[in-house]
Amino acid sequence: MNFIIIAVLVLGTIALVSSLVLYFVSKKFAVTEDPRIGQVIDLLPGANCGGCGFAGCSGMADALVKGADKGSIDGLRCPVGGDLVMNKVSDLLGMAMANTEPMVAVVRCNGTCEFRPRIAEYDGLHTCAAMHSTCAGETGCGYGCLGCGDCVAACQFDAIHINPSTGLPEVDEEKCTSCGACTKACPRHIMELRKKGPKGRRVYVQCVNKDKGAVARKNCAVACIGCGKCQKVCKFEAITIENNLSYIDYNKCRMCTKCVDECPTGAIVKVNFPVRKSTANIEKTESNIKEEEKA
């Protein structure tokens, strides 16, 4: 009986000493989290998409609070929440936030079945990553879209779908949050984030083919051939030619669309611009007005 009592006392003493040690250690090495981090997390959308450059919303919140302590949160932005969320965060942290232009994902390939004929048949794992790692795809263009939909699978916001008639992905700009997941998923870097532009208007080269002009045109009728005509007509030095491929800098582009009219293959596209009336329609309208005036 005494043995049992002694054992209980010894274990009780060990437990008491251990609890005291743990208590003092917890106080000594306690890490206090800034309460603002939790408040910022509550304001963020919780998508944890990584579009901000951090592993998740908690990482973004921590960076925002640390940035506020240093006096600036410029360069930190939640693409999902956009300006609405960032304005709330900046108000919470008492910081001024620089206005940033919204971005949107674009598909830099227009090689539909019509323009890019199929010359082979791929019989393997139906992903762009697998197809890209094993061969050039089912067409002669080794740079164009593979159409397996890795970008669709990567998008958490249902903003990308494969058009069954063209075999190419299409982006719903109203749903796109510019998180960048599709750009990371595409093995050929066809998906690109660009400024959404005023009224959603954008001008860009819808091709990433770096082959020489003759080869590129042979494999795709609407490929950029690096002729440089767009570069010559641009007055704003927004267009550069590198590796037989034209590229438009959206920070310099003033969207005059002269390059679109000059491109001989139609590789440069303009989005959300008003449709120009043809000369025939204008003449017809003018004649109708004259007839009405005579009547």
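Before moving on, here are some points about what is shown:
- Within the span defined as the range 33-42, one or more residues are out of contact with any helix residue (DSSP H, G or I) (no Cβ under 9 Å at 6 or more places or on another chain), modelled with pLDDT of 85 or more, over 30 Å from Cys155 (Cα atoms) and not hydrophobic (A, V, I, L, M, F, W, C).
- Top-ranked residue of the range 81-113 - restricted to ones that are free of Cβ contacts under 8 Å to residues at least 40 places away in the same chain and outside any helix (DSSP H, G or I), ranked as surrounded by the most Cβ atoms within 10 Å (Cβ to Cβ): Gly81
- Here Ala136 passes the criteria (1) closer than 21 Å to Gly180 by Cβ; (2) part of a loop (DSSP other than H, G, I, E, B); (3) not acidic (Asp, Glu) except the one numbered (1).
- Listed by first and then second residue, the pairs linking a residue in the range 217-241 that is among the charged types (D, E, K, R) to a residue that is loosely packed, with under 15 Cβ neighbours inside 10 Å, with Cβ atoms under 7 Å apart and 6 or more places separating them unless they lie on different chains, are Lys229/Pro264; Glu237/Lys252.
- Qualifying position, being more than 23 Å from the chain's Cα centre (by Cα) and buried (at least 18 other Cβ atoms within 10 Å of the Cβ), among Thr134, Thr177, Thr139: Thr139
- Helices (runs of 4 or more DSSP H) wholly inside the range 166-260 that include at least 1 residues being closer than 29 Å to Ile119 by Cα: 181-185, 213-219
- Set Val17, Val104, Val89, Val25: member being of a type outside the set (Phe, Trp, Tyr) and in contact with an Asp or Glu (Cβ under 8 Å, 6 or more places away or on another chain): Val104
- Leu64 passes every criterion in (1) out of contact with any strand residue (DSSP E or B) (no Cβ under 8 Å at 6 or more places or on another chain); (2) surrounded by fewer than 18 Cβ atoms within 10 Å (Cβ to Cβ) apart from (2).
- Boolean, Gly149 is in contact (Cβ under 8 Å) with a residue 60 or more places away in the chain and buried (at least 16 other Cβ atoms within 10 Å of the Cβ): no
- Residues located in the range 23-42, provided they are in a loop (DSSP other than H, G, I, E, B) and surrounded by 10 or more Cβ atoms within 10 Å (Cβ to Cβ): Asp34
- Residue in the range 71-79 that is touching a Cys at 6+ places or on another chain (Cβ under 7 Å) and among the basic types (Lys, Arg) present: yes
- Some residue of the range 115-128 being under 24 Å from the mean Cα position of the chain (by Cα) and not in a loop (DSSP other than H, G, I, E, B): yes
So that you can scan it fast, the table gives a plain yes or no per residue for (1) in the same structural domain as Val208 (by TED's automatic domain parsing); (2) within 15 Å of Gln206 (Cβ to Cβ); (3) modelled with pLDDT under 95:
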{"residue": "Cys230", "(1), (2), (3)": "yes, yes, no"}
{"residue": "Ala238", "(1), (2), (3)": "yes, no, no"}
{"residue": "Ile241", "(1), (2), (3)": "yes, no, no"}
{"residue": "Ile248", "(1), (2), (3)": "yes, yes, no"}
{"residue": "Cys259", "(1), (2), (3)": "yes, yes, no"}
{"residue": "Pro264", "(1), (2), (3)": "yes, yes, no"}
{"residue": "Ala267", "(1), (2), (3)": "yes, yes, no"}
{"residue": "Arg276", "(1), (2), (3)": "no, no, yes"}
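- Condition met for Gln206 (in contact with a strand residue (DSSP E or B) (Cβ under 7 Å, 6 or more places away or on another chain) and of a type outside the set (A, V, I, L, M, F, W, C)): yes
- Flag if Cys155 is touching a His at 6+ places or on another chain (Cβ under 6 Å) and either under 25 Å from Val269 (Cβ atoms) or surrounded by 17 or more Cβ atoms within 10 Å (Cβ to Cβ) (or both): no
- Summed over the range 256-277, residues that are over 21 Å from Asn219 (Cα atoms) and out of contact with any Lys or Arg (no Cβ under 6 Å at 6 or more places or on another chain) total 9.
The values are calculated or read from the model by the stated rules, or taken from the named source; none is laboratory data. All of these numbers come straight from a predicted model, not from anything done at the bench. Virtual Cβ from ideal backbone geometry, glycine too; neighbours counted across all protein chains shown.
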